[in-house]
Every structure is written in C-alpha cells, then in structure tokens.
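The values are calculated or read from the model by the stated rules, or taken from the named source; none is laboratory data. As the structure is a computational prediction, the values presented were derived from the model and not from experiment. Cβ sites come from the backbone with ideal geometry, for glycine too, and all protein chains shown count toward neighbours. Surface areas here come from the heavy atoms of the whole protein model, side chains and all, with no ligands, DNA or RNA. Shrake-Rupley method; radii C 1.70, N 1.55, O 1.52, S 1.80 Å.
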Amino acid sequence: PGAAVGADALARLVDGDLEGEVVLATEADKAVTLALAEPVDVERLLLVSRMGSTPLRFTVDYLPLDAEGDAFEQLFDQSGNASTKAELLLRAKKPVLTERVRLTFLDEGPVKLSEIGLYAADATVPLREDIAAARAALAAVKVGEFAGDYTSASVDALAGVLDEAQKAVDAGLNSRDAAAWRDRVAEALRAFHREGRVTVDRNDLYVALED
C-alpha cells in the first residue's frame, strides 16, 4: 500500500513539538527520509514516540555526500530494541556528513511518533584552535621597518584571513567547510612567515658602504 500520511503530518515530526502525534500505518509511511537543507555532521538522533508498552524497532541510514545513487549506509540499528522509553536519544560512534537521513520503522502495527530530531556535532573546534594559535603568533611578532621585523601589510593580511575565518565559524560550518578554512588559515600563516619579514638588500648595503 502507498503512503497515507501527508507532507503536513510528516512536517509535524520535525517541528520541535513533543506533544503532537503522527501515526505511520502503512509500510510506505514507515520509511521516512529527512532531506536536510545543507550538509550536516549528524551525531545524535532523538525519537519521541507514543508506543506505550511496545518497543520501537527501527534502523537509521544516511547518504554520504559523495555516494552514487541511493547508496545509503547504516548509522543506527535498533531492530532489536527492547526499550519502551518514550524518548530515545542515540549517539553515533562518529559524526557523519550528510544531506539525507532515512528512518525505517519495523514494527508490524501502527507507529506513533511525536518528534524526530537530528543533532549536529561541532565541527569547528580544530579551526577555532588554529585561529587562536595564529592570533597568538601575530601578537608575538614585532612590526617595524628593520630587518627581522614584520611588515604591517603582512600582519593586516593574516589578520584579515583570521577575521573571515572567525565569521565563518560564527555562521556555522560543517566538517568539509571547516577543513577548507583550516587549509586557508594554514596557507595564510605560512605566507606570513615566508614573506612577511622585513629584509635588507645586502647588495645595496655593500654599495652604500663602499661609497
């Protein structure tokens, strides 16, 4: 049989209201796919059910970003769940970056749910540490015009990249985008140390001494 639950009812499963109830009665209804607005590092799943004394049995799969077709991979296997708790909070061994998560409910009778919640891991911790380390490096250098000093232009250039990276962190990043920012910060720091120092042209110095 085809799906009997409409889009509005399915939307109520992800609206944050734990008091409502949506009944999934058909086999088609019991396969729920969540399409995320953008790639997210999914780490935890919350299921709030109204199954009473009946355990909620289900599996959860995700579609890796680089997967071809519908090559879903398993995230949670609760096919043998014996808990009758109304709220189930599951944590993955490691976050998975995805835009699609599929829940398949295995109970033979109607499945009564109140909420499905997905929670993302904070993928910005290494990037924030990189930004802090680079700012510390900036604070430790001497800005000036003499050999060994750093130019104000090089300091401004690195500070600009760090400010952009911090804005990206504040806006929210998944692991893929955070990794790209880490590469950009690392390259800016290398360029700072490679090109930012004031150097003396020794040939001009020798000519001046001879004169």
Which residues, counting only those in the range 169-191, are in a helix (DSSP H, G or I), open to solvent by less than 30 Å² (accessible area, probe 1.4 Å) and either free of Cβ contacts under 8 Å to residues at least 24 places away in the same chain or touching a strand residue (DSSP E or B) at 6+ places or on another chain (Cβ under 8 Å) (or both)?
none
What is the residue count in the range 26-80 for residues that are under 17 Å from the mean Cα position of the chain (by Cα) and either at positive phi or hydroxyl-bearing (S, T, Y) (or both)?
1
Note on the range 67-85: residues modelled with pLDDT under 95 and surrounded by 10 or more Cβ atoms within 10 Å (Cβ to Cβ) are A67, D70, A71
Could you grab the pairs with beta carbons closer than 6 Å, sequence gap of 6+ or different chains, first residue in the range 77-103 and of a type in the set (D, E, K, R), second one assigned to a strand (DSSP E or B) and open to solvent by 70 Å² or more (accessible area, probe 1.4 Å)?
R91/R44; R100/A35
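Residue-by-condition table, conditions (1) loosely packed, with under 15 Cβ neighbours inside 10 Å; (2) under 27 Å from E164 (Cα atoms); (3) in contact with a helix residue (DSSP H, G or I) (Cβ under 6 Å, 6 or more places away or on another chain); (4) among the hydroxyl-bearing types (S, T, Y):
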residue	(1), (2), (3), (4)
V101	no, no, no, no
S114	no, no, no, yes
D122	yes, yes, no, no
V125	yes, yes, no, no
A134	no, yes, yes, no
A139	yes, yes, no, no
G144	yes, yes, no, no
Y150	no, yes, no, yes
Are there any pairs, at least 6 apart or on different chains, whose C-beta atoms fall under 8 Å, with the first in the range 12-23 and surrounded by 11 or more Cβ atoms within 10 Å (Cβ to Cβ) and the second in a helix (DSSP H, G or I), and if so, which?
G20/R12; V22/A9; V22/L10; V22/R12; V22/L13
With respect to P126, determine if the residue is under 30 Å from A28 (Cα atoms) and not aliphatic (A, V, I, L, M).
no
All-but-one check, D8 against (1) among the acidic types (D, E); (2) over 26 Å from A178 (Cα atoms); (3) in contact (Cβ under 8 Å) with a residue 24 or more places away in the chain, failing number (3)
Where a residue in the range 26-43 is within 13 Å of L10 (Cα to Cα) and its partner, wherever it lies, is surrounded by 13 or more Cβ atoms within 10 Å (Cβ to Cβ) and polar (S, T, N, Q), with Cβ under 7 Å and at least six apart
K30/T104; A31/T104
Answer with yes or no whether K94 is open to solvent by 30 Å² or more (accessible area, probe 1.4 Å), basic (K, R) and closer than 19 Å to D61 by Cβ.
yes
